[in-house]
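Comments concern the structure below.
The values are calculated or read from the model by the stated rules, or taken from the named source; none is laboratory data. Computed from a predicted structure; not experimentally measured. Here the Cβ positions follow ideal geometry from the backbone for every residue, glycine too, while neighbour counts run over all protein chains shown. All accessible areas refer to the heavy atoms of the entire protein, side chains included, with ligands and DNA or RNA removed. Shrake-Rupley method; radii C 1.70, N 1.55, O 1.52, S 1.80 Å.
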Amino acid sequence: MRTAYRCRAHPDQEQIAMLSRTFGCVRLVWNKALAERRRRHHAGSERTSYKETDAALTQWKRTEDLSFLSEVSSVPLQQTLRHQHAAFQNFFAARARYPRFKSRNGRQTAHYTRSAFRMRDGNLVLAKTAAPLAFVWSFDHVDLATLDPTMVVVSRDPDGRWFVTFAVDTDDPEPQPATGHAVGVDLGVKQFLVTSDGDQVANPRHLEARARNLARHQRRLARCQRGSNNRRKAKTRLARAHRKVRDARRDFLHRTTTNLVRSADVIAIEDLAVKNMVRNRRLARAISDTGWGEFRRQLDYKAARAGRTLVVVDRWYPSSKKCSVCGHVLAQLKLSVRHWTCPDCRTRHDRDLNAARNILAAGRAVARGDSGDACGADVRRQGPSLPLSAMKQETPIARCGA
């Protein structure tokens, strides 16, 4: 298992100059290679391989205009070509969107492999630098003197903060003790999540809480003259305000996912099409602020580390429209309806709690290793009758004909 440790870095002036020059060269190589790929694509040529881009980088260094590329370490430049090649592979496999050009205003990174850094007794020395890079180590359970990273990533955020990330190959951790408990999770906007146990976690709405402060910084930035020092300072203050929103959201998601992993052996969630949901212009901002995609990513790797089972229920499973008691499925249920009564068994349901219970039932069926039909009534199923609720499914009894 690969583990990453991210720490605050405090480079000196000489290191800042070298790393800033490295960031610029990395950005130039990425953009130039991407432009060449696009030109060849529009000309009808075949796909560009990494070997071809690596050979082009060697030719660029020999030209008079780009000879400054040899002043920085070659490893970050080659790594950015590898990342671009992987990005295009993901694009052609329909796993990611088309790669975009890098901007100097965004987050800057440089990846160093083993041949481009030296780690001895907790001191990190990067290629093309003489003094060790100062950083703050805050992981007390890991001995820094024995750390053997396979890759080091140096980054600078738009607000000016520096970070260094150590990627380390470690053994798989021991699974956490079993709790004998399973939980279904229904995500929402008003309540961030509702569990099948009835627990609710309110949506902190980090962006909405700081919207006025962000608008104030944006107005001040708009009034500054382009290229001035005041505009540079205003841009840094705006980036710092956005960083506070991002850090608060990430901290909330980490706490929530950690509590879920610690409390249950089986965690069932719904596969949400966030990309399609944000097309609703009335809810796009609120949905984006919740961070559902990051929530699932964190829950995925934390469950794997803890030895938990994470079950993702199909997005077409009618968890909100199905009665968790008798299995009746409503033909239609508006988003504004938060409570409804089952027309068959007359049970009064809370929309989110009922959905969480249905998701838990479907997750348990999958975790037991049952067939795909055990996930409940698939909305696309054909037939004269609706399937039973996932909570009521049992092994059918074989009948012999007379």
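In table form, for the structure just shown:
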{"quantity": "Carbon plus sulfur fraction of accessible area for the chain, probe 1.4 Å, in percent", "calculated": "48"}
{"quantity": "Pairs beyond 23 Å (Cα-Cα), from Lys190/Lys302; Lys233/Lys275; Lys190/Lys321; Lys190/Lys322", "calculated": "Lys190/Lys302; Lys233/Lys275"}
{"quantity": "Surface per residue (accessible, 1.4 Å probe) for the chain, Å²", "calculated": "59"}
{"quantity": "Projected-area mean, the range 1-155, by convex hull of Cα positions, square nanometres", "calculated": "11.1"}
{"quantity": "Ranked packing of 13-20, 179-186, most packed first, by mean Cβ within 10 Å", "calculated": "179-186, 13-20"}
{"quantity": "Label assignment, log10 I(q)/I(0) by the Debye sum over Cα atoms at q = 0.10, 0.14 Å⁻¹ derived from the structure, set (1) -0.65, -1.15; (2) -0.91, -1.34; (3) -0.76, -1.29", "calculated": "(2)"}
{"quantity": "Of Arg100, Arg249, Arg262, the one that fluctuates the most in a GNM where the chain has Cα springs shorter than 10 Å", "calculated": "Arg100"}
{"quantity": "Computed lengthening from Arg210 to Glu64, 0.36 nm per intervening residue step minus Cα-Cα distance", "calculated": "47.7 nm"}
